[in-house]
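Readers should treat all values here as calculations from the given coordinates under stated rules, not as data from a laboratory. In this text, all values refer to a predicted model and were calculated from it rather than measured experimentally. A quick note on method: Cβ atoms are made from the backbone with ideal geometry, for glycine too, and the neighbour counts reach across all protein chains shown.
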Amino acid sequence: MIVNNARDKQAHLFGSAVTHIGFGVGTNPVTPTDNSLVNAYWKPVSAVRYPDSGQVAFDWTLLAAEANGMTITEMALRTADGVVIARKVRGAISKDADLSLAGTWIVKF
């Protein structure tokens with residue numbers, strides 16, 4: 001049996017691997033074989049935290065001067081060597097210079 005302590009180790013391994021968050025314009029449903037975003041804008045995550053047992057949180061910002069003109073419909077997390085390890089599709093956000101965004105992506109094990 002894998003015990004609860006393994007969840008903490010998984011969260012820390014995942015947290016140490018992720019370096020970037022990406023924003024894209026794709027609308028295809030998420031699948032286990034996803035490996036990219038459409039017309040991606042990538043930037044480093046702002047912070048990595050461990051808010052609870054078996055959880056890792058990635059804080060991010062998208063500043064007013066970043067990704068303007070995009071209609072953001074997908075986001076992803078990737079490693080330093082460019083490997084996408086998480087992706088999600090969301091409702092559209094029209095990104096323009098009058099808008100900055102901040103958020104947290106929490107992964108639970």
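Relative contact order, percent, of the chain when contacts are C-alpha pairs under 8 Å separated by at least 6 residues?
33 percent
For semi-axes √(5λ) of the Cα gyration tensor in Å, the choices are (1) 32, 16, 14; (2) 26, 15, 11; (3) 22, 15, 13; which was calculated from the structure?
Read-out from the structure maps to (2).
Based on DSSP H runs of at least 4 residues, each adding -39500 (n - 2.57), what is the mean residue ellipticity at 222 nm of the chain after dividing by all its residues, to the nearest 500 deg cm²/dmol?
-4000 deg cm²/dmol
Excluding residues fewer than 8 places away in the same chain, name every one of the aspartates and glutamates whose C-alpha is closer than 20 Å to that of LYS95.
ASP59, GLU66, GLU74
By counting other Cβ atoms within 10 Å of each Cβ, how are THR33, THR79 ranked from fewest to most?
The order, fewest Cβ neighbours first, is THR33, THR79.
In terms of Cα to Cα distance under 18 Å, which aspartates and glutamates are near enough to LYS9, apart from those fewer than 8 places away along the same chain?
ASP52
Evaluate E = 1/(1 + (r/R0)^6) for LYS9 and ILE93, where r is the Cβ-Cβ distance and R0 equals 35 Å; express this FRET efficiency to the nearest 0.05.
Efficiency, rounded to the nearest 0.05: 0.55.
Taking neighbour counts of Cβ atoms within 10 Å as a proxy for exposure, in what order, fewest first, do ASP96, ASP81, ASP8 appear?
Ascending Cβ contact count within 10 Å gives the list ASP81, ASP96, ASP8.
Among PHE58, PHE109, what is the fewest-to-most ranking by other Cβ atoms within 10 Å?
Final ranking by Cβ density, sparse to dense: PHE109, PHE58.
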